[in-house]
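Here is the structure we will look at, set down as structure tokens.
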Amino acid sequence: MPASVHALNDDERPSWCSYPAALIKLWDEGVDRLGPWSFLTRKDSLAVTQNLLERYGRVFVPFAESNIEEFVCFEEGMGQRVLSVNPTTVAGKEVERTWESFADWLSVARRDAEYWD
């Protein structure tokens with residue numbers, strides 16, 4: 001599915017968030033899954049954003065979900081970091097892992113995919 005199926009529109013996405021070119025390229029190439037990670041559709045991303053805001057009071061922009069219901073997201077003030085967010089834990093414990101950049105997360109996701117598929 002192209003990026004337009006996954007990416008939030010300009011009026012839906014917070015002004016601080018811009019998708020990395022590598023993520024848009026993956027979407028445009030039709031990559032919907034990398035191992036245990038499935039890229040969210042725009043509709044699912046909006047729903048997860050709202051759920052995480054209600055649960056934790058934080059604005060995350062999720063772009064993928066793992067097979068263990070873990071979302072990878074961008075967050076305001078975190079620069080290019082990618083955060084792994086658990087949607088079912090208590091507030092203050094929601095961020096389980098952090099990668100310094102999308103490229104770092106993508107490297108791990110590709111490695112995971114080698115063993116997953």
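Considering only the range 89-117, state which residues are more than 19 Å from G35 (Cβ to Cβ) and open to solvent by 90 Å² or more (accessible area, probe 1.4 Å). Within the range 89-117, V90, K93, E100 qualify. In the range 68-88, of all residues being under 18 Å from S45 (Cα atoms) and exposed (fewer than 12 other Cβ atoms within 10 Å of the Cβ), the one that is nearest to the chain's Cα centre (by Cα) corresponds to E69.
Residues in the range 18-61 that are under 11 Å from the mean Cα position of the chain (by Cα) and in a loop (DSSP other than H, G, I, E, B) were compared, and the one that is nearest to S107 (Cα to Cα) is Y19.
Would you check if E94 is of a type outside the set (V, I, T) and farther than 22 Å from H6 by Cβ?
Details: of a type outside the set (V, I, T): yes; farther than 22 Å from H6 by Cβ: yes.
Judged against the criteria, E94 is a match.
Within the range 3-17, being in a loop (DSSP other than H, G, I, E, B) and surrounded by 14 or more Cβ atoms within 10 Å (Cβ to Cβ) holds for A7, L8, R13, P14, C17.
Report whether or not S107 is free of Cβ contacts under 8 Å to residues at least 12 places away in the same chain and part of a helix (DSSP H, G or I). If you could, list the steps in order and put the result at the bottom.
On the way: free of Cβ contacts under 8 Å to residues at least 12 places away in the same chain: yes; part of a helix (DSSP H, G or I): yes.
So S107 fits the description; yes.
Taking every residue in the range 15-39 that is in contact (Cβ under 8 Å) with a residue 24 or more places away in the chain and among the hydrophobic types (A, V, I, L, M, F, W, C) and pairing it with any residue that is surrounded by 15 or more Cβ atoms within 10 Å (Cβ to Cβ) and part of a strand (DSSP E or B), at least 6 positions away or on another chain, the pairs with Cβ-Cβ distances below 6 Å are C17/V61; C17/F74; W37/A64; W37/S66; F39/A64.
The values are calculated or read from the model by the stated rules, or taken from the named source; none is laboratory data. Bear in mind that the values here come from a model prediction, so they are computed numbers and not experimental data. Neighbour counts are summed over all protein chains in view; Cβ atoms, including those assigned to glycine, are modelled from backbone coordinates with ideal geometry. Ligands, DNA and RNA are excluded from the accessible area calculation, which covers all protein heavy atoms including side chains. Shrake-Rupley method; radii C 1.70, N 1.55, O 1.52, S 1.80 Å.
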